[in-house]
Every structure is written in C-alpha cells, then in structure tokens.
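Okay, so here's the structure we're looking at.
The values are calculated or read from the model by the stated rules, or taken from the named source; none is laboratory data. What you see is a predicted model, and the numbers here were worked out from it, not measured in a lab. Every residue, glycine among them, receives a Cβ derived from its backbone with ideal geometry; neighbour counts consider all protein chains shown.
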Amino acid sequence: MIQIRTVLKVLDNSGPKTARCIGILGPPKKFATVGDKIVVAAEGKVYHGIVACCKVEKKRPDGSFVRIDQNGVILVESNGKPVGNRVFGVLSDRVKQPEILSLGRVKTI
Amino acid sequence: MNSQIRNIESAYIKDNIPSIQIGDLIKIGVFIKEGNKERIQYSEGIVISKHNAGINTTITMRRTLQGIGVERIYLIHSPKITSIKILKHFKIRRAKIFYIRNAKKLKEKI
C-alpha cells in the first residue's frame, strides 16, 4: 500500500538510495501496490517508478500471501526504460516488465 | 465449527500433514508452473504463526533472502503444497512469534 509521501527504497544502481512517492499513475486510486507505476521524487529529480516489493501482504491466485520486509521501487524513465542497469534485492513476481527482468540476476519471489 | 461445514471439508483435508508447531524450521514443497514446465520448488523457513480454521488453516513462514526478510502465508491443505517436512524445532513460549521480525541476530531471539 504505497501512497503519496511514502518513502521507498531504490533497488537499482541509478544513484539515489531512497525515493518519495509523489503520485500514482493509471486509473485514480489512493494506494499503489506491487507492479504499479508511480511517480517518485529522488535527489531533486522526478522519475517514474515501478513498485517492486511491498510490506503489506499481497494475495496470490492460489490463496497464499507474500510479504516483503521493505517497500522497494525501481526507477524508470517516462517511456519505461530503467534508469539504472542493475537491480538488487528481492522483487515480487508481479514485476513482469522485460526491461527490468533483463537487468541480470534478478531474484523474484 | 459447524458440523455441516466440517463434513464437506473433510473430503479435502489432507491427513498426511505433520503436526506443525510455532518455532518449527520447515521445508515446504510447492508445485509451481513456469510457462509450460511444472516443477516443485522447495523453501525453508521458520513458522511464526499458525491460524487454525479447518481446511483454511494457514501458517506464516519467514525466511531471509539476500538480507531481506520475506514472509509467506500458506494454506497447508492446498493441493499446490506437495510436502511439508519439519527439519528442526525451536522451543518457543508464545503462540505467535512476530518479535523475531525485529531481531538483529535471530539465534539470540529464539
């Protein structure tokens, strides 16, 4: 449940360590969750981001839930291209964008 | 629980599940499908909570992946769960051990 003013951890090597959510893209809603695109501000600049992991549990179709200990985001440009070229940590399996999964050695859970 | 619900559920409840306690280190095998391939994925972790609800009994399993804690809640009577094996048991004096989420050193907390 990421909302405006949430501080997320940046999971790639684009530079900033943390980013603050300043908007949620797509149809109007209050909370973003894993796999959603959000607008973030990091080190004075504005990027888009894809929420990679979330502290609130996410239900899977088989009835199980996953909960990760941090709120993480991967910074992307407006056209969807990732800003960094390496991704660290654990991502959720709802992150399906091939540009991100191709950044090598990505661990999805 | 209502006996009628219990009668319907009894057809689907597994009887080969070991008795899981809080503080068990378990290895759970889950049936997953990647594209066209089907395989069993094993994962280990500590049971930190158990919710008894007949066929909807769930356990919460916590493990650490690449320095980050991951918790998974499983419905143990699900057909996707192929095996649950208890590797070790830690003596715990609580029903839910959520305090280990703040543990810097897990061994001290357990």
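Within the set A:Val39, A:Val56, A:Val83, A:Val73, the sole residue that is surrounded by 20 or more Cβ atoms within 10 Å (Cβ to Cβ) and either in contact with a Leu (Cβ under 8 Å, 6 or more places away or on another chain) or over 16 Å from A:Asp12 (Cα atoms) (or both) turns out to be A:Val73. Consider the range B:80-106 and keep the residues that are of a type in the set (D, E, K, R) and assigned to a strand (DSSP E or B). The one that is farthest from the other protein chains (Cβ to nearest Cβ) is B:Lys88.
The sole residue among B:Ile55, B:Ile73 that is free of Cβ contacts under 8 Å to residues at least 60 places away in the same chain and either closer than 24 Å to A:Lys55 by Cβ or small (Gly, Ala, Ser) (or both) is B:Ile73. Residues in the range B:62-82 that are among the small types (Gly, Ala, Ser) and either at pLDDT 95 or above or closer than 20 Å to A:Lys59 by Cα (or both): B:Gly69, B:Ser78.
When the residues of the range B:54-78 are filtered to those that are more than 16 Å from B:Pro18 (Cα to Cα) and assigned to a loop (DSSP other than H, G, I, E, B), which remaining residue is nearest to the other protein chains (Cβ to nearest Cβ)? By that ranking, first place goes to B:Gln66.
Within the range A:19-38, the set of residues being under 16 Å from A:Gly80 (Cα atoms) and in contact with a Phe, Trp or Tyr (Cβ under 8 Å, 6 or more places away or on another chain) comprises A:Ile24 only. Every condition in (1) touching a strand residue (DSSP E or B) at 6+ places or on another chain (Cβ under 9 Å); (2) outside any strand (DSSP E or B); (3) of a type outside the set (S, T, N, Q) is met by B:Ile5 except one, and the failing one is (1).
For (1) modelled with pLDDT of 90 or more; (2) farther than 17 Å from B:Ile73 by Cα, each residue gets a yes or a no:
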| site | (1), (2) |
| --- | --- |
| A:Ile22 | yes, yes |
| A:Gly26 | yes, yes |
| A:Lys30 | yes, yes |
| A:Tyr47 | yes, yes |
| A:Arg60 | no, no |
| A:Pro82 | yes, yes |
| A:Gly104 | no, yes |
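Among the criteria (1) basic (Lys, Arg); (2) over 30 Å from B:Ile81 (Cβ atoms); (3) touching a strand residue (DSSP E or B) at 6+ places or on another chain (Cβ under 6 Å), the one A:Lys107 does not fulfil is (2).
For the range A:74-93, residues that are within 14 Å of chain B (Cβ to nearest Cβ) and within 14 Å of A:Gly49 (Cα to Cα) total 2. Summed over the range B:41-53, residues that are exposed (fewer than 15 other Cβ atoms within 10 Å of the Cβ), part of a strand (DSSP E or B) and not aromatic (Phe, Trp, Tyr) total 3. Of all residues in the range A:71-109, those that are out of contact with any His (no Cβ under 8 Å at 6 or more places or on another chain), assigned to a strand (DSSP E or B) and in contact (Cβ under 8 Å) with a residue 60 or more places away in the chain total 6. Here A:Lys9 fulfils each of the conditions (1) in a strand (DSSP E or B); (2) more than 14 Å from chain B (Cβ to nearest Cβ) apart from (2). Just one of the listed residues (B:Thr82, B:Thr58, B:Thr64) is in contact with a Gly (Cβ under 7 Å, 6 or more places away or on another chain) and surrounded by 13 or more Cβ atoms within 10 Å (Cβ to Cβ), namely B:Thr82. In this structure, B:Tyr12 does not satisfy being within 14 Å of chain A (Cβ to nearest Cβ), surrounded by fewer than 18 Cβ atoms within 10 Å (Cβ to Cβ) and in contact with a strand residue (DSSP E or B) (Cβ under 6 Å, 6 or more places away or on another chain).
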